[in-house]
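The values are calculated or read from the model by the stated rules, or taken from the named source; none is laboratory data. From a predicted model like this one, the values you see are computed outputs, not experimental measurements. Cβ sites come from the backbone with ideal geometry, for glycine too, and all protein chains shown count toward neighbours.
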Amino acid sequence: MRPNVLLITLDQFRADCLSAAGHPVVSTPHLDALASTGVRFARHHSQAAPCGPGRASLYTGMYQMNHRVVGNGTPLDRRFDNIALAARRAGYAPALFGYTDQAIDPRDASGPADPRLSTYNGVLPGFDAVVHVPDDQGPWVDWLATLGYDTSPGPVRLLATEHERPEEHSVGAFVTDAATRWIAAQDEPWFAHVSYLRPHPPYSAPGRWATAYDPAEVGRPLPASDDPPSYHALVLGIPQAAAPSDPDQMAWMRAQYFGLVSHADHEVGRLCETLRQLDRWDDTVIIVASDHGEMLGDHGLKEKLGYWEQSYAVPCIVRDPRLVDGYGSVVHEFTENVDVMPTICEAIGAPVPAQCDGFPLTPFLQGVVPRRWRRSTHWEYDWRGVMIDTAPHEWPWDRTLERQHLAVHRTDDYAYVQFGSGDWLCFDLADDPTWRTTIVDPAIVMPLVQHMLTWRSQHADRTLADLVLERGGVGRWPDVPWSG
């Protein structure tokens, strides 16, 4: 019998903010418990930021260089497959609770007046939006109004004042309530994507979580390095990326973020408890991930951007009740969000699409380290969005916007950053894991550069590239004799 599938995303969740990962302050008992009956991937990375690009990689299994969602609002090309479409082909009716932040391909619009053309808060093709909570937080705001709250300040202000309301009235609790009601009503194998906003800003934790962490005990962020310049010019067009300069404001921000993390953990715990109460714990595959991380004051920044690992290292926990040999294990090999779609496909018995750049995590769930696995990880960041209205008239011929891009190759010991402008940086992580010590030794740098080139060449789109039309039929290169 097909398993149920529960895909949970916790927006903007840093990988190190798990007590199971050794965080000295944050408490995440429910995620820790889930990891103890599943597999925790300790060196897991998102492939892009912000939300739209990161989720495009998560949902399609593709690197940004292939799916080309480079910013919030970039359309997701309709030709690409995704987890919802794969699940639908496998016999599921995938349900969404929350949001997917994927902009419609304009070629699929009903006309110039199609409202989907004016927002990136679209629903990923293949999902039935049972409760869609986009940026305007409409369903949650409407619910708050029925509880007697004044909702006239609007969604941003309502989120920024979550600390003034009980946790039961939070946007996270609202999504959990909707998802648990739906799960309880299902009598066939189901596929649900529960997409939580938190711990995404505003930095305002609801109810008891607003005071769960003492600002005096949340620690200090890593300071920005002056040698070399930290490429802050890269983010000059994003003023909200600057972290508070006042120490008290910084401590408050970190305390609220930790509270948001624990609140998200609590909501995951509620979902898991619902599965146990409904006797569906042992027939449900659970995947927990995030679309990207959070700088949280490190290097003088907040939010998610640039090349810094804090923006891309995210938690990943997978529990397949049919694969018990890996229970409780912690995987230290590099894994990526592009591995999520192939993993789900294998879990539901669906073919892994040729477009996928990732690999199924199934062997790790079986307690086995694959014979061949990646020895490094990659991510990308594109900031053309801050320049797209001022690009020269001769675009695209001079490739100005394509220069507003970087790609990172991160190994155990080094991180190589290639900028679209031709500039580059290389960090010594073995001696200084804070990304503050650079290397220029060609003997070290050149192999990293070569790997970056081969990584891109080996992951160019292959959807049709391994087919050949010859002798009246379609075949794959290994199966059809070459007669050229």
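If I ask for residues that are under 30 Å from Asp187 (Cβ atoms) and either part of a loop (DSSP other than H, G, I, E, B) or β-branched (Val, Ile, Thr) (or both), which ones from region 74-121 would you list? Give the derivation first.
The first filter runs over region 74-121 and keeps only residues under 30 Å from Asp187 (Cβ atoms), leaving 81-100, 102.
The answer is Asp81, Asn82, Ile83, Ala90, Gly91, Tyr92, Ala93, Pro94, Tyr99, Thr100, Gln102.
Please determine whether any residue of region 421-429 is more than 24 Å from Ser329 (Cβ to Cβ), part of a loop (DSSP other than H, G, I, E, B) and at pLDDT 95 or above.
Going residue by residue through region 421-429, those that are more than 24 Å from Ser329 (Cβ to Cβ) are 421-429.
This time we only want the ones that are part of a loop (DSSP other than H, G, I, E, B), so: 421-423, 429.
Narrowing further to those that are at pLDDT 95 or above: 429.
Looking through region 421-429, at least one residue is more than 24 Å from Ser329 (Cβ to Cβ), part of a loop (DSSP other than H, G, I, E, B) and at pLDDT 95 or above.
Just wondering, is there one or more residues in region 57-72 that are surrounded by 21 or more Cβ atoms within 10 Å (Cβ to Cβ) and either charged (D, E, K, R) or more than 28 Å from Met295 (Cβ to Cβ) (or both)?
no
Show the residue pairs that are 6+ apart or on different chains and have beta-carbon atoms under 6 Å apart, the first residue being within region 299-317 and closer than 29 Å to Gly328 by Cβ and in contact (Cβ under 8 Å) with a residue 12 or more places away in the chain, the second being of a type outside the set (Val, Ile, Thr) and part of a helix (DSSP H, G or I).
Gln310/Asp298; Ile317/Leu34; Ile317/Ala35
Which condition does Ala443 not pass, out of (1) in contact (Cβ under 8 Å) with a residue 12 or more places away in the chain; (2) hydrophobic (A, V, I, L, M, F, W, C); (3) outside any loop (DSSP other than H, G, I, E, B), if it passes all the others?
(1)
Are any residues in region 12-33 buried (at least 24 other Cβ atoms within 10 Å of the Cβ) and under 26 Å from Pro189 (Cα atoms), and if so, which ones?
Kept after step one, since they are buried (at least 24 other Cβ atoms within 10 Å of the Cβ), are these residues of region 12-33: 12-14, 17, 28, 31.
Matches in region 12-33: Leu31 only.
When you go through (1) within 25 Å of Val386 (Cα to Cα); (2) not basic (Lys, Arg); (3) not in a helix (DSSP H, G or I) one by one for His299, which number turns out not to apply?
Result: His299 passes all but (3).
Tell me, yes or no, whether region 383-394 has at least one residue that is more than 21 Å from Ala224 (Cα to Cα), touching a residue at least 40 places away in the same chain (Cβ under 8 Å) and surrounded by fewer than 16 Cβ atoms within 10 Å (Cβ to Cβ). So that I can check it myself, show each step before the final result.
So the first thing to find is which residues in region 383-394 are more than 21 Å from Ala224 (Cα to Cα), and the list is 384-394.
Still in the list and also touching a residue at least 40 places away in the same chain (Cβ under 8 Å): 384-387.
Those left that are additionally surrounded by fewer than 16 Cβ atoms within 10 Å (Cβ to Cβ): 386-387.
Yes; the residues of region 383-394 include at least one that is more than 21 Å from Ala224 (Cα to Cα), touching a residue at least 40 places away in the same chain (Cβ under 8 Å) and surrounded by fewer than 16 Cβ atoms within 10 Å (Cβ to Cβ).
Residues checked against (1) farther than 17 Å from His332 by Cα; (2) assigned to a loop (DSSP other than H, G, I, E, B):
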position: Leu6; (1), (2): yes, no
position: Val26; (1), (2): yes, yes
position: Ala35; (1), (2): no, no
position: Gly52; (1), (2): yes, no
position: Ser57; (1), (2): yes, no
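Touching a residue at least 24 places away in the same chain (Cβ under 8 Å), in contact with a Leu (Cβ under 9 Å, 6 or more places away or on another chain) and charged (D, E, K, R): is that true of Arg78 in this structure? Give the steps one after another, and end with the answer.
Details: touching a residue at least 24 places away in the same chain (Cβ under 8 Å): yes; in contact with a Leu (Cβ under 9 Å, 6 or more places away or on another chain): no; charged (D, E, K, R): yes.
It is false that Arg78 is touching a residue at least 24 places away in the same chain (Cβ under 8 Å), in contact with a Leu (Cβ under 9 Å, 6 or more places away or on another chain) and charged (D, E, K, R).
Which pairs turn up if I take residues in region 128-155 that are in a helix (DSSP H, G or I) and look for partners that are basic (Lys, Arg) and modelled with pLDDT of 95 or more with beta carbon separation below 9 Å, at least 6 apart in sequence or on another chain?
Leu144/Arg165
Which one of Glu188, Glu168, Glu162 is surrounded by fewer than 21 Cβ atoms within 10 Å (Cβ to Cβ) and either among the polar types (S, T, N, Q) or in contact (Cβ under 8 Å) with a residue 24 or more places away in the chain (or both)? Give the derivation first.
On the way: Glu188 fails: either among the polar types (S, T, N, Q) or in contact (Cβ under 8 Å) with a residue 24 or more places away in the chain (or both); Glu162 fails: surrounded by fewer than 21 Cβ atoms within 10 Å (Cβ to Cβ).
After applying the criteria, what remains is Glu168.
Quick grid of which residues meet (1) within 24 Å of Phe174 (Cβ to Cβ); (2) at pLDDT 95 or above; (3) not hydroxyl-bearing (Ser, Thr, Tyr):
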{"position": "Ala56", "(1), (2), (3)": "no, yes, yes"}
{"position": "Arg68", "(1), (2), (3)": "no, yes, yes"}
{"position": "Leu76", "(1), (2), (3)": "no, yes, yes"}
{"position": "Ala90", "(1), (2), (3)": "no, yes, yes"}
{"position": "Arg116", "(1), (2), (3)": "yes, no, yes"}
{"position": "Gly126", "(1), (2), (3)": "yes, yes, yes"}
{"position": "Gln137", "(1), (2), (3)": "yes, yes, yes"}
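When residues of region 79-129 are filtered for being under 19 Å from Ile8 (Cβ atoms) and out of contact with any Cys (no Cβ under 6 Å at 6 or more places or on another chain), how many remain? Spell out how you get there, then give the answer.
Kept after step one, since they are under 19 Å from Ile8 (Cβ atoms), are these residues of region 79-129: 82-84, 86-87, 92-102, 123-124, 126-129.
Right, trim to out of contact with any Cys (no Cβ under 6 Å at 6 or more places or on another chain) and you get 82-84, 87, 92-100, 102, 123-124, 126-129.
Within region 79-129, residues that are under 19 Å from Ile8 (Cβ atoms) and out of contact with any Cys (no Cβ under 6 Å at 6 or more places or on another chain) number 20.
Would you check which residues across region 5-57 are among the hydroxyl-bearing types (Ser, Thr, Tyr) and in contact with a strand residue (DSSP E or B) (Cβ under 9 Å, 6 or more places away or on another chain) and list them?
Step one: list which residues in region 5-57 are among the hydroxyl-bearing types (Ser, Thr, Tyr), which gives 9, 19, 27-28, 36-37, 46, 57.
Thr9, Thr37, Ser46, Ser57 - these are the residues of region 5-57 that are among the hydroxyl-bearing types (Ser, Thr, Tyr) and in contact with a strand residue (DSSP E or B) (Cβ under 9 Å, 6 or more places away or on another chain).
Search region 415-440 for residues being among the charged types (D, E, K, R) and surrounded by fewer than 17 Cβ atoms within 10 Å (Cβ to Cβ), and hand back the single one that is nearest to Trp379 (Cα to Cα). Lay out the reasoning, then the answer.
Filtering region 415-440 down to residues among the charged types (D, E, K, R) leaves 423, 428, 431-432, 436.
Then keep just the ones that are surrounded by fewer than 17 Cβ atoms within 10 Å (Cβ to Cβ); that gives 423, 431-432.
Numbers: Asp423: 17, Asp431: 22, Asp432: 20 Å.
Among those residues, the one meeting the criterion is Asp423.
Test Pro199 against the criterion of being in a loop (DSSP other than H, G, I, E, B), modelled with pLDDT of 95 or more, under 30 Å from Arg384 (Cβ atoms) and of a type outside the set (Val, Ile, Thr), and give yes or no. Don't jump to the end; show me each part of the working.
Values: in a loop (DSSP other than H, G, I, E, B): yes; modelled with pLDDT of 95 or more: yes; under 30 Å from Arg384 (Cβ atoms): yes; of a type outside the set (Val, Ile, Thr): yes.
It is true that Pro199 is in a loop (DSSP other than H, G, I, E, B), modelled with pLDDT of 95 or more, under 30 Å from Arg384 (Cβ atoms) and of a type outside the set (Val, Ile, Thr).
Look through region 94-109, keep the residues that are surrounded by fewer than 17 Cβ atoms within 10 Å (Cβ to Cβ) and touching a residue at least 12 places away in the same chain (Cβ under 8 Å), and return whichever of them is nearest to Glu267 (Cα to Cα). Spell out the reasoning first.
Pass one, region 94-109, residues surrounded by fewer than 17 Cβ atoms within 10 Å (Cβ to Cβ): 105-109.
Next, only the ones that are touching a residue at least 12 places away in the same chain (Cβ under 8 Å) stay: 105-108.
Numbers: Asp105: 33, Pro106: 35, Arg107: 38, Asp108: 35 Å.
Looking at the filtered set, the residue picked out is Asp105.
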